Each structure stands twice: as C-alpha cells, then as structure tokens.
Amino acid sequence: MEQQASFDQSDVFAFLADPANHELREPIIRIDTHGAAVFLAGKNVYKVKRAVRFPFMDFSTLDKRRRACERELAVNEADAPGLYLGVVPISKDGFHLKFGGGGKVVEWAVRMRRFDENRTLDRLVERNELDLEIIAKLAGVVAASHRRAPIISGANAGQALQRQIEETLISLEAAPGIFAAQAVAGLRLAMQQAFARLASLLSERESQGQVRRCHGDLHLRNIVLIEDRPVLFDAIEFDEAIATCDVLYDLGFLLMDLWTRELRSHANLLFNRYLWICDDVERQLKGLSLLPLFLSLRAAIRAKVIILQPGKDGDHAKDARHYFEAACGLLAPRRLDLVAIGGLSGTGKSSLAAALAGSTGRAPGAVHLRSDIERKRLFDVHEFDRLPGEAYRPEATARTYQRLRDLAATALDAGQSVVIDAVHLRPEERVAVKQVASRSKAHFTGLWLEGPINTLMERVAKREKDASDATADVVSAQAKQPTGAVDWLRVDVSGPVEAIAARILAAKLG
C-alpha cells in the first residue's frame, strides 16, 4: 500500500534528534506516526512530514512537504492560536545541516510551542484523569469550532465520503493476514447499503450548510488540555476533501474514539452537550441517521491507519482488529428505546437520565432531552440563567412538553434512542410521551421517581450551576398537585444514582 519516496530523511532526523543542535543537554524525544516524525526539544516541537506516499496522502517531494507544512499552520490557527510558530527550513551547508537558509534547503519542519504532552486527552484516559467536566468543556470547544468553520458549497461531500469508504475497504482487503476476508466482505456490503440509503440526506445536509472545512482528524490524541481548556490541534492539512465534511462526521471521530475505549458515559455526554449547544438541534437530530455509518467508517479508518504505523505488521495487529470489529459492530442494528423519566423536582431525573443514556440504544447512546434545557432554548436564554415566572405558566409548559415530544420523534425517526426527563405531573403528559414511542415503533419505559419531600427540597436548595430553576417552594407546590394514576415503574431514589441505573438497565432496558 505504501510507496516510499526516493528521498532519504535519515540525516535530517539525526540532526533533529541531537540535543546540541537545539542548544540543549537533555535528550530529544522523538515520536513517529505514519505521516510525520515529531521531535520534542525543550520548549519547541519540530514536526517533519515523512517522505511517503499513500492513496490518501502524498508527501513524496520536498515541495509537497513544504506546502503541507505551510497549510498546517493555516488550518490550525483558529482552533490553536499561538501554538503553531512557523515553518522552518533545514538546509545543508557543505556537509552540515542547520536551521534556516544559507545553503541548500533539504527539508521543512513545522515549529510549534511545546505543551505538556502528558496532557493530551489520550494520556489523560490512560491515567483515568479524563473527567466529565473536561468533556463538557470539550463539547463547547467542538461546537464553537464547527460554528466558525467555513461553509463549503459544491463540495459534493457525499461523493468524497464514498471515495473514503472505498479506499478504506480496499486497504482492509489488502491485509488478509490481519482482517478476515469474509468479515471485510460483510463490512463492505453493510457500508455500501448504508451509503446508498443515506446519499440523499448527505446531499440535503450539504445544501443546508452542514458541510464545512472541519478539523478532520478529531480524536483524543489531537486535543490537549492547556490551562484547563481543551485545545484542538493537528487538523488535516494534506487533503481538503478529507477535511471538508459534514460536521457530524467530524464529531463522529471523537465519539468513536471515546466509545471504543469503553468511555460510554463520556461519549454520551459529549454527544448530548453538543446537541444542547448547537444552533439547529432539529437539523442535527434528523442527521443522526448518518451516525452509524460515520462512526463505523471512522473506526475502519483507524484500523487502516494503525497498520501503517512504523514497526512490524504484527506489532499493531491486535489494535487494528479491535477497531475493525468496532467498525462492524457500529453498523449492526440495535433496539430503539424511548425512556421517559418523571417525578417531582429534586428526585434526580436528569442525573438518572444521564446515567441511563450511555447504555441505551446504539452508539453513542440515547439523546437526552431535558425539559429545563428546552424551556430555556424556547425563551432564548443561557442554560444557567434563571427564567422569569411567566416561562412556567401552563401554556409555556405545554409548549415545552410538545417540543420535547417533537424532538424525541425526530431522533427516533433517525434511529437514535431517547431519554426524556421532565416532571410529567399530568396524566395527559405521560400518555402523550408514550404515544410518541408507539408511533415510532420504539420500546417504551416509563420511570416515576419518588423520595421524601424534605429530601427533595434540600436537594434543590443545594443546586449550583444547573439548568433547573426549581426551588423548595416549587417542590412543595408540585407535591400538592394531583398526579392521577401513575402506571410507570416507581423508583425509590434513595441510594447512589449509579446503583439505581444499574437495576433499571438490568430489569427494563437490558
């Protein structure tokens, strides 16, 4: 698959690996990937494109590597300001290499400001330090990146995606010692059928401005925590067609990376906070029909790239097979669920919904719809800003609940399971949400949360930075209203939410 260019870079790599050439005493750390050699030298990083040519990447000439270096600076400027410092020539003066001109330029390197490489998100995962607070911040960073990414018209991103599918499958087929031929044939059929079914939706989303010049390589290793803020770096620079894609395909790489590392709560939180933040939630929910194909292709590409890494073929076979198996599984059908959670304020509906969502339905879990979020979206206020009293009048509540049901129907029609959390105090509200499940042919589970009124009042009084505006007085008022007959599963909310979720998953959703 790989065709090595004739240019020998060993002298350049030896030059960059020598501390003396950086006026340093400590060793230089070298990191190799299929497309680059990276040298960590004191406060600086030098990244050299490897002189390789793949079907999807061509760095085989010095001029191509120079242009790729220059492009790398340009495409990372918005997401990682101040991190990329310039493109540096490496020249030969007689028998000696040096930084800068003054001789024959033999190579080009991207110079970056060095960050703590132990703070990339994949390293945090290895140390079990990637907490949900970081994921919540990351959702905002990714949504902001997509919002400012240039809309690309006439890109025919669907055709480009089809080429990526074919190219990836050919690469997998070319490694029968790693990927079983029958399994690859099954993946080929599943991907081709999915693409044929979704081609019109891909075109529709492109016409709606959902195809943009994105990061293109958005996974945990390309995100670093700097001053407690996730920073996206190392965006695709070598192929505009790969980086020009549907925003959900861009997000899909990160979701797949988390999901296949068994960080399902993390993947689900990122997924849902992105949906809460995005400008047009209805459009993105409809686009979720594309998600299985997007996630599967991202996993298949990861499998393909792993076997291209420097080293012997057998060194990476296990990891490559892991992602290949994930690619197959991500296209497999899963049961469609609608879980509705009701109960007074303070019963922990949102916490339980979040605990259930990551284990409900297909990857990356269920869409979590919160009445508190949707009510504030209807009134165009920030998640943590308090609404005026009129926002809680019966007519406003009716609008909020109708919106929840409409969004749930859109997500279910796209094949994504849903968890709704709202008080659902009135019998007609509970009937209406169950009807949504029936119309979408989804399996329905209704959960009614209960706890001592004093405990609920104490809980809401202690809340900080929460979308809910409920107070102890609100809980007291709710408790006095008739609920009618409740035929949902009654759940005692005393005890850890994780234990409650585990019992429900085993009993009703497993």
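The values are calculated or read from the model by the stated rules, or taken from the named source; none is laboratory data. Fair warning: this is a prediction, and the values are worked out from it, not measured in the lab. We place every Cβ from the backbone using ideal geometry, glycine too, and count neighbours over all the protein chains shown.
For this structure, a couple of remarks:
- Checked against (1) touching a strand residue (DSSP E or B) at 6+ places or on another chain (Cβ under 6 Å); (2) over 30 Å from Ser289 (Cβ atoms), Pro388 passes all but a single condition, namely (1).
- Candidate set: the stretch 50-82, residues that are hydrophobic (A, V, I, L, M, F, W, C) and in a strand (DSSP E or B); chosen: the one nearest to Leu16 (Cα to Cα): Val52
- Selection status of Phe195, touching a residue at least 40 places away in the same chain (Cβ under 8 Å) and either surrounded by fewer than 16 Cβ atoms within 10 Å (Cβ to Cβ) or touching a Gly at 6+ places or on another chain (Cβ under 9 Å) (or both): yes
- Selection count, the stretch 469-483, where residues are β-branched (Val, Ile, Thr), over 16 Å from Arg375 (Cβ atoms) and outside any helix (DSSP H, G or I): 1
- Candidate set: the stretch 224-256, residues that are closer than 17 Å to Arg119 by Cα and in contact with a Leu (Cβ under 9 Å, 6 or more places away or on another chain); chosen: the one surrounded by the most Cβ atoms within 10 Å (Cβ to Cβ): Leu254
- Every residue from the stretch 175-192 that is surrounded by 14 or more Cβ atoms within 10 Å (Cβ to Cβ) and farther than 17 Å from Ser289 by Cα: Ala175, Ile178, Phe179, Ala183, Val184, Leu187, Arg188
- Cβ pairs under 6 Å, 6+ apart, first in the stretch 61-88 and under 22 Å from Arg147 (Cβ atoms), second part of a helix (DSSP H, G or I) and not polar (S, T, N, Q): Tyr84/Leu73
- Cβ pairs under 6 Å, 6+ apart, first in the stretch 216-236 and under 20 Å from Tyr249 (Cβ atoms), second among the β-branched types (Val, Ile, Thr) and assigned to a strand (DSSP E or B): Arg221/Thr120; Pro230/Ile223; Leu232/Ile223
- Flag set for Asp466, criterion: in contact (Cβ under 8 Å) with a residue 60 or more places away in the chain, in a loop (DSSP other than H, G, I, E, B) and acidic (Asp, Glu).
- If you go through the stretch 339-380 and keep only what is of a type in the set (Gly, Ala, Ser) and farther than 25 Å from Leu258 by Cβ, you end up with Ala340, Gly342, Gly343, Ser345, Gly346, Ser371.
- Matching residues, the stretch 364-411, being over 23 Å from the mean Cα position of the chain (by Cα) and either of a type in the set (Val, Ile, Thr) or assigned by TED's automatic domain parsing to the domain that holds Lys286 (or both): Val381, Thr397, Thr400
- Subset of the stretch 30-46 (residues that are in contact with an Asp or Glu (Cβ under 8 Å, 6 or more places away or on another chain) and either closer than 14 Å to Val88 by Cα or among the charged types (D, E, K, R) (or both)): Val38
- Residue match in the stretch 239-247 (condition: within 22 Å of Gln159 (Cβ to Cβ), assigned by TED's automatic domain parsing to the domain that holds Ala149 and assigned to a loop (DSSP other than H, G, I, E, B)): yes
- Single match in Ala363, Ala396, Ala411 (criterion: at pLDDT below 95 and aliphatic (A, V, I, L, M)): Ala396
- Matching helices (runs of 4 or more DSSP H) fully within the stretch 252-306 where at least 1 residues are farther than 30 Å from Phe54 by Cβ and in the same structural domain as Asp380 (by TED's automatic domain parsing): none
- Where a residue in the stretch 137-151 is in contact (Cβ under 8 Å) with a residue 12 or more places away in the chain and its partner, wherever it lies, is exposed (fewer than 15 other Cβ atoms within 10 Å of the Cβ), with Cβ under 8 Å and at least six apart: Lys137/Asp228; Lys137/Arg229; Val141/Arg229; Arg147/Asp279; Ile151/Gly209
- When every residue of the stretch 316-327 is checked against the conditions, at least one turns out to be surrounded by fewer than 22 Cβ atoms within 10 Å (Cβ to Cβ) and in contact with a Ser or Thr (Cβ under 6 Å, 6 or more places away or on another chain).
- Taking the criterion of being at pLDDT below 90 and touching a Leu at 6+ places or on another chain (Cβ under 7 Å), the residues of the stretch 457-491 that qualify are Asp469, Val475, Gln478, Ala479.
- Filtered by the rule that a residue be closer than 15 Å to Arg403 by Cα, surrounded by fewer than 20 Cβ atoms within 10 Å (Cβ to Cβ) and touching a residue at least 24 places away in the same chain (Cβ under 8 Å), the stretch 430-444 gives Ala432, Lys434.
- One residue alone among Arg113, Arg119 is modelled with pLDDT of 95 or more and either surrounded by 16 or more Cβ atoms within 10 Å (Cβ to Cβ) or over 31 Å from the mean Cα position of the chain (by Cα) (or both), and that residue is Arg119.
- Some residue of the stretch 212-235 being over 22 Å from Phe324 (Cβ atoms) and in a helix (DSSP H, G or I): no
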